[in-house]
Each structure stands twice: as structure tokens, then as C-alpha cells.
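Here is the structure we will look at, set down as C-alpha cells.
Just so you know, all these numbers are worked out from the coordinates, no wet-lab data involved. Everything numeric in this text was worked out from a predicted model, so none of it was measured. Neighbour counts are summed over all protein chains in view; Cβ atoms, including those assigned to glycine, are modelled from backbone coordinates with ideal geometry.
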Amino acid sequence: MAAALALALVLVVDAVGQEGDRGAWNGVRAAAQLAAEGHRQSAQRVLTVALELDPTSSEALLLSAQWQADERAATGGTRELLERAVAAASWVETSPLVAAQLLATIYVRTREPARAVAMLRPLLEYPLIQQPQLRAAAATTLARAHLAAGEPREAGRVAQGGLLLAPSDVELHLAAAAAADDIGGPAAATAQLELAALAAPEDRRLRLALAAARARTDDDGTVPVGEAVALAPLLPQVRATALRLSPPRQARAVAQQLQAPTALADLCTQRSE
């Protein structure tokens, strides 16, 4: 193990002497390899050396941010590293969309959707970034940012564009359905989810979302309560549906599972009776 670490460090230092800014990238590759083999502590030491040799290495900053996120470190530290990686723009072999997508996800989570939109939209329109799965993930995040900013039409446009690259991507389908719901209500969401179910018929989240959307349009009153309860974290508006479909004696229990107000349970119980 010590020999492997020493060799990795030698490769980093030697690369700096011979190849300039590729030295840090070689360090990133060595650190990633050590981590993949289960030597995380040694990998961290190699990555630290790489960052000391080149503090503006986007790849080294990105890997450090990813490891912080894996360890559930504070969002602030991960965000700072990603912002430095994006600002440095010193990518050797990694697409800039990787760091941008991760950082935009943090912006959406911290209720800064405009920053996420400003970062991702130019990169998604850049024709040289060809990786379909990466572009699909970024499109999902951008669609969610538009939704958070109150721009459902833009969200729908972005999601539909992403689905051209990844037709069975569940996250994109859910984003497209959310946009359709905001624009046209449950009926529009139902239509979108019916198309999604054809593309990914085995996905449970799509089936639950479709069941809830149908229930909200009163097209189908046979949705199992358990499915509606399971869906509640994904689509909070389904809480009333879950309670409405519950037998009167179960309404309070379902309300507790959904952390719904007792008054709502009472109302749904009265309607059921």
C-alpha cells in the first residue's frame, strides 16, 4: 500500500515537472484509482498534493467536492469547491457540464433557481457537449430550476428537449409532468404521464404519479391508498387524494403518515361518510 501511494505521488510530481498543468489531472486519476480500490485515506493524500500543486485544477476541485458530498459534508463546503471548479474552467478531460450540473442542483435546493438557470442553459446549448446521459441529467436540473422559478413553460420545453436524447429517463418524464401540471392541471399531467408510462412501463414512480394524476381528475377512483401514501413525498398535492380514497376509519392513520393536518382528515372522513 505504501509503495502504491509513493508511486502515485511520484507520478503527480513528475507530471508537473514534465507536463505543466496536466500534473494535477494525473493526480486526480491516481486518487480516483486508489479510492476505487478502497484506499480512501491514501487517495485523499494524493488529491491534497494535486491541489497543492495546482489550486485551480477544476478536476481536482470537482473530485474533492464529490467526496465531500459522498460523506454528507456541509453543503457550503461542497458548493464552494464546485464554484471554484466552475470558475477556474481548467478542464483537461472532464466535461464542464458535470460540475455545473452538481452546482445547479445545490442552487435549486437552496432556492436560487435563477443562478442554476444562468449556469446550465448556456452549457446545454453548447453543441460540442455530446454525452446524452449527462445532458439529460443537466436538462432535468434545469427544468426543475425553471419550475422553482415559476416558469413551467420553459421547464416543459427543456424537459421535452432532454427526452429527445433520453426517451426513457424517468426524472425527465417527472419534470415534464410537473410542468404540464402547472400549465394545464391534472388532465395535462395525466396525458404526459401516460406517454411516460409507455417509455418506461416498469418504473414504479411513473405508475404512482400516473395513478395520482388520474385520481385528481376523478377518472379513476381505484387508486390504492398505499400507493398514494408512497407518492406523497414526490407530489405533495396528492395528500388530499390519499385521504379522500381512504376508508373513514383509516383517514386519521393516513393523515399521520402524510403528516397532514387533522382538520383535513376530518374533512375527508366527512366526505367519505
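Taking other Cβ atoms within 10 Å as a rough exposure proxy, GLU154, GLU125 sort from fewest to most as GLU125, GLU154.
For ILE183, neighbours were defined as the other residues whose beta-carbon sits under 14 Å from its Cβ, and their charges (Lys and Arg +1, Asp and Glu -1) total -2.
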